[in-house]
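Worksheet: the structure to be examined is printed underneath.
What follows is calculated from the coordinates using simple rules that are stated; it is not laboratory data. This is a predicted model, so every value here is computed, not measured.
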């Protein structure tokens with residue numbers, strides 16, 4: 001990595017400010033002064049400013065209990081982003097690993113680790129996502145079998161991958177899917193003549209929403225939760 005890019009990432013300084021620092025001669029690489037912004041540095045290099053060693057920030061991983069009314073995008077003109085619920089530095093570097101609709105609640109994963117994000121969201125990884133669904137009418141007896149076979153959604157050319165439906169009450173169920181198509185859960189129930197009234201994501205893979213988190217609260221993921229996502 002280039003020296004100026006490394007310093008910018010670690011300190012959150014602009015490239016312009018970094019170049020000013022380099023010209024001043026207060027930056028050392030492995031205890032030798034360097035003024036070259038294009039200098040390639042290894043992962044083991046020791047970079048210091050005024051003798052203070054820089055430490056590359058460790059990747060961050062969070063789970064958040066999304067409330068109604070927030071959107072899963074970085075910025076939106078009309079609605080607040082879930083990122084605004086996080087009191088964290090360099091919030092603009094965080095990514096939302098998978099989206100929930102504005103009226104859907106539950107587990108949202110947030111990270112600045114791009115590879116980890118991709119492993120969570122890539123359709124090729126088949127990372128199961130479980131939702132608690134409340135429906136407008138009772139669930140028909142054949143729905144579970146239809147979802148297990150895959151249903152063709154309006155506007156799509158291929159049916160959904162097999163999904164698991166566990167009925168809890170006459171009009172409530174847990175649905176586990178391994179895809180992330182647009183409005184998929186709502187469209188699946190629409191395809192069998194029902195309508196989703198409330199939707200809450202309980203888990204993504206082995207990561208389960210912490211029941212101690214109130215809507216709008218978040219916490220860091222544990223080491224085991226992070227490692228449960230296979231890169």
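Solvent-free Debye calculation, one equal scatterer per alpha-carbon of the stretch 1-134: log10 I(q)/I(0) at 0.09, 0.14, 0.16, 0.19 Å⁻¹ equals -0.40, -0.76, -0.86, -1.02.
Projected onto planes of every orientation and averaged, the convex hull of the alpha-carbon atoms in the stretch 118-219 covers 7.2 nm². Measuring nothing but how far apart in sequence close Cα pairs (under 8 Å, 6+ apart) lie, relative to its length, the chain scores a relative contact order of 20 percent. Normalising the Debye intensity of the chain to I(0), with uniform scatterers on Cα atoms only, and taking log10 at q = 0.09, 0.13, 0.17 Å⁻¹ returns -0.50, -0.83, -1.18. Its DSSP H runs of at least 4 residues, each contributing -39,500 (n - 2.57), put the calculated 222 nm mean residue ellipticity of the chain at -5500 deg cm²/dmol, to the nearest 500. Across the stretch 86-158, the volume of the C-alpha convex hull divided among the residues equals 154 Å³ per residue. Calculate how many DSSP beta bridges within the chain are antiparallel, expressed in % of all such bridges and rounded to the nearest 5. DSSP beta bridges in the chain are roughly 95 percent antiparallel. Sorted from longest to shortest, the spans of the Cα atoms of the stretch 12-56 along the three principal axes equal 25, 19, 18 Å. The stretch 181-231 and the stretch 103-142 have Cα centres spaced 4 Å apart.
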